[in-house]
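Colleague: What follows is a structure written as structure tokens; I'll ask about it next.
What follows is calculated from the coordinates using simple rules that are stated; it is not laboratory data. Predicted model only: the values in this text are computed from it and were never measured. FYI the Cβ positions are ideal-geometry reconstructions off the backbone, even for glycines, and counts take in every protein chain you see.
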């Protein structure tokens, strides 16, 4: 495996870093100020002007739709390995990826549409998403069941002539609060009597379809993440054309596995960026502040923490690059252990390092004057999003045990009393 970045990627890294320095970091306060001002006026769910202003600049800079490989509709898309270091840079600021049309859940939804939708559906929904004209939401998680097991979904999708009728309730539907959200991809149950992994289907649903009710935004450690939001959504007799079904009835679990692989690795790349930003802010703060007659950075306890942070970031990055390399070369299915491992380690390490940085900042670290508290909330959420840590650990353990199953059967085991 050769993880040395190509000249093309190195050039894009330089341009992206320059864009972040010129346009993203200086406007972090403005982004949050705009949301606060909108909230004070009675509606936080208004797209920020700063992000909309920066999108054309990102496109002009050739930093647009970089996440989508092998698509004629997005020829600028990179391989997973090429995209990894760029996604990491975007992840240094929570709203950064949106500026480049590379933010969740749109990236996962666009990949899903590219892989599994009809050309008609692609023309209707994928094209405006790729142009950044609309946003989207993914509706899978439900309040009444343990959604760590996707086969538990209860929302019904029933055929009625040339239409499907949807009834059920979803929550943590990220993006559904955004007024620019034009389309949902919804996972539900089409045949409760089928085999366990063939009961579910995915279907494309325009967000303005009659019968859809956005009930409320859910908060994350008190943050509502406006104007994006994580919404609870009720669907009552929602009718959509049968042609909106993705890949066919009973293929929903299969699509979910295909969708979540790239989504998980993108989250992990951004987590590394968040950890890098936290380490940078921590070191600057420690060098600037004096306590008990010397810079705080001179205290040996901080040397240990800084060293641990750097070591853990490098370990996590290497494993993430390995997963990206395998996804590109042998496919998501073969790389499933590596994808599961990074989904556990990346947000955990990011949380740990951000927590160190908060401690280094003292009381300021938990305030809104620095980006650390909000970043921690995002990363802590990722230990649940796209599958909780426990599910991924189980997946890794099963794959590891399977490696040795044949060997174990071939070895004659001793019989002990009580066997």
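Colleague: Could you compute the FRET efficiency for residue 315 and residue 115, with r as their C-beta to C-beta distance and R0 at 22 Å, rounded to 0.05?
Modeller: The value I calculate is 0.10.
Colleague: For labels at residue 167 and residue 197 in the simple 7 Å Cα→Cβ model, what's the distance in nm?
Modeller: The modelled label-to-label distance comes out at 3.0 nm.
Colleague: Taking each pair of distinct Cα atoms in the chain once, what is the resulting Kirkwood hydrodynamic radius in Å?
Modeller: 22.8 Å
Colleague: Grab the Cα-Cα distance for residue 53 and residue 180, subtract it from 0.36 nm times how many residues apart they are, and report the gain in nm with one decimal.
Modeller: 44.2 nm
Colleague: Next question. Express as a percent, rounded to the nearest 5, the fraction of DSSP beta bridges in the range 53-187 (both residues included) that run antiparallel.
Modeller: Restricted to the range 53-187, the bridges split so that about 50 percent are antiparallel.
Colleague: Let me ask you something else. Modelled label-to-label distance, residue 400 and residue 79, 7 Å Cα→beta-carbon offset: nm?
Modeller: According to this spin-label approximation, the distance is 2.9 nm.
Colleague: Compute the length gained on full extension between residue 303 and residue 43: take 0.36 nm times their separation in residues and subtract their Cα-Cα distance, giving the result in nm to one decimal.
Modeller: Stretched out fully, the residue 303 to residue 43 stretch lengthens by 89.1 nm.
Colleague: Calculate, in nm to one decimal, what residue 158 and residue 6 gain on full extension: separation in residues at 0.36 nm each, minus their alpha carbon distance.
Modeller: Full extension from residue 158 to residue 6 adds 49.8 nm.
Colleague: Okay, moving on. For the range 253-406, just say rounded, prolate or oblate: build the C-alpha gyration tensor, square-root its eigenvalues into a ≥ b ≥ c, call rounded for a/c under 1.5, and beyond that prolate if a/b exceeds b/c, oblate if not.
Modeller: Verdict is prolate for the range 253-406.
Colleague: According to the square roots a ≥ b ≥ c of the eigenvalues of the Cα gyration tensor, what is the shape class of the range 209-335, taking rounded for a/c under 1.5, prolate for a/b larger than b/c otherwise, and oblate for the remainder?
Modeller: Verdict is oblate for the range 209-335.
Colleague: When DSSP beta bridges are limited to those with both residues in the chain, what percentage is antiparallel, rounded to the nearest 5?
Modeller: 85 percent
Colleague: Take every Cα pair under 8 Å in the chain that's 6+ residues apart, average their separations, divide by the length, and report that relative contact order as a whole percent.
Modeller: 14 percent
Colleague: For the range 135-250, what does the alpha-carbon gyration tensor say about shape, rounded, prolate or oblate, given a ≥ b ≥ c as the root eigenvalues, a/c under 1.5 as rounded, and a/b over b/c as prolate?
Modeller: Oblate shape, in that a/c is at least 1.5 and b/c is the bigger or equal ratio.
Colleague: Continuing with the same structure: When ranked by the protection proxy of mean other Cβ atoms within 10 Å per residue, highest first, what sequence do the peptides 95-108, 196-209, 264-277 form?
Modeller: 264-277, 95-108, 196-209
Colleague: For the pair residue 210 and residue 291, how long in nm is the line joining their label points, each one 7 Å along Cα→Cβ?
Modeller: About 6.3 nm separates the two model spin labels.
Colleague: Going by average Cβ neighbours within 10 Å, how do the peptides 359-367, 172-180 rank, with the highest at the top?
Modeller: Per-residue mean Cβ counts within 10 Å order the peptides as 172-180, 359-367.
Colleague: Taking the Cα of residue 242, stepping 7 Å toward and past its beta carbon, and measuring to each backbone N in the range 191-211: which are under 17 Å?
Modeller: Answer for this model: 191, 201-204.
Colleague: Now, a different point. Just need the relative contact order of the range 253-406 here, percent rounded to a whole number, with Cα pairs under 8 Å and 6+ apart.
Modeller: Result for the range 253-406 is 29 percent.
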